[in-house]
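So the structure is just underneath, and the comments pick up after that.
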Amino acid sequence: MKTSLDQFDKAFENRIRLQIMSVLLANEHYDFNSLKDLLNVTDGNLASHIKALEKEEYITVNKTFIGKKPNTQYAVSEKGRKAFIKHLEALENLIKQQKL
Amino acid sequence: MEEKDIHSELASIRSLMERSSKFLSLSGLSGVMAGIYALIGAFIGYKIVYEKYGSLVISDSYTDNSLVYHQLILIAGLILLLSVVSCLLLSIWQAKKKGENYWNPVSRRLISSMAIPLITGGLFIIILFLRQEYALIASSSLIFYGLSLTSASQYTFSDVKWLGFCQIILGLLAALTPASGLLFWVIGFGLLHIIYGTVMHFKYNR
């Protein structure tokens, strides 16, 4: 049991971070406001989780402007993609182990 | 972590991946409505042509009277406008009912992937019309519409792809037999839309 718990990524312990990663894996990129609408979270909440993922270098940020409005796009990095897949595998392994 | 929790976690990841990359509020009912508009329009078009010529057999014979063609194009344009408006309104309503924002990255991608073949097709049809090449108008409208559906299907229910394939096949058949263009047009825009819309409505929207 302990071995598979070790594979869990600390960065994904929080549900919102896992959700952000799910959206970015399924899409080439996603912007801040659409992510906020989709996950139904507040500005501050989303920003802090994004910052955490950025610090892990799991996502990349591209800031541009549309007119005067900031338009920040997020995309998953190669490192983040690998970490996410590994985390999913760990979840699946845990299910398998519990079935034994 | 309990097994139940992991299952719900995996399920929520899957649903989020799908919801974030596919627009799932596309209204089936609007397909049915588009089909009905097309049938009504085709009936009016049939009346106009039939009253003028007494038959529908050979389309070349209408070319001597471009007024008939102007009327038919006007009807087709109205059908298109009504169908697009119904589709937008019903889909927005559907999204609101689900508490989703209808204007999101996926709906934008859906619209732009549809727009490229549709606008190309629209311009192509206008060119055919200006050059008085009326015989291929019905078939090109079916073909370009089919192409736009297959390209849009990446961003919504994959069933849309099959509707697109059927429209393309009908369009090609219509090009082979230009004299029965209206018939294929009625099957494609009328019947197929009604069948597709009904299936979608019961499969997803309820």
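Go ahead and run the numbers for FRET between B:Ser15 and B:Lys52, Cβ-Cβ distance against an R0 of 45 Å, rounding to 0.05. FRET efficiency, B:Ser15 to B:Lys52: 0.20.
Mind giving me the FRET efficiency for A:Glu57 and B:Phe202? R0 is 51 Å, r the Cβ-Cβ distance, nearest 0.05 is fine. Result of the calculation: an efficiency of 0.65.
Which percent of the Cα-Cα distances in the range B:88-164 go past 15 Å? Don't skip to the answer; put the middle values down first.
Working: 1821 of 2926 pairs.
It works out to 62 percent of all Cα pairs.
Compactness ratio for the range B:60-119: Cα radius of gyration over 2.2 N^0.38 Å (N = residue count) comes to 1.65.
Here is what passes the span test in chain B: the DSSP H helices with alpha carbon length of 24 Å or more along the helix axis and a Kyte-Doolittle mean of 0.5 or above are B:28-53, B:66-97, B:105-130, B:159-176. On the principal axes of its alpha carbon atoms, chain A extends 58, 25, 21 Å, with the longest extent given first.
Each principal axis of the Cα cloud of the range B:29-199 was evaluated for its coordinate range; sorted largest first, these ranges are 53, 24, 24 Å.
Only lysine pairs 8 or more places apart, or on different chains, with alpha-carbon atoms under 22 angstrom apart are counted in chain B, and they number 9. Note on chain B: with a GNM built from Cα contacts shorter than 10 Å, the maximum mean-square fluctuation among B:Leu147, B:Leu67, B:Leu182 falls on B:Leu67.
Under the simplified labelling scheme, the A:Glu13-A:Asn71 pair shows an inter-label distance of 3.8 nm, with each label point 7 Å from Cα along Cα→Cβ.
Please give the length that would be gained between B:Ile116 and B:Thr177 if that part of the chain were fully extended, namely 0.36 nm times their separation in residues minus their C-alpha to C-alpha distance (nm, one decimal). Mind dumping the intermediate values first?
Details: separation 61, 0.36 × 61 = 21.96 nm, distance 2.70 nm.
So the chain would gain 19.3 nm between B:Ile116 and B:Thr177.
Sorted into 20 angstrom bins from 0, the C-alpha pair distances of the protein assembly as shown split as 28, 42, 23, 6, 0 percent. For chain A, the number of Lys pairs separated by eight or more positions or lying on different chains, with C-alpha atoms closer than 19 Å, is 20.
Counting Cβ atoms of other protein chains within 10 Å of each Cβ in B:13-21 and taking the mean gives 6.
Based only on other Cβ atoms within 10 Å, what is the fewest-to-most ordering of A:Ser77, A:Ser34? Don't skip to the end; give the middle numbers.
Working: A:Ser77 16, A:Ser34 19.
Arranged by neighbour count, lowest to highest, A:Ser77, A:Ser34 become A:Ser77, A:Ser34.
Values in this text are rule-based calculations from the coordinates and carry no lab data. Values in this document were obtained by computation on a predicted structure and should not be read as measured data. Neighbour counts run over all protein chains shown; Cβ positions are idealised from the backbone, glycine included.
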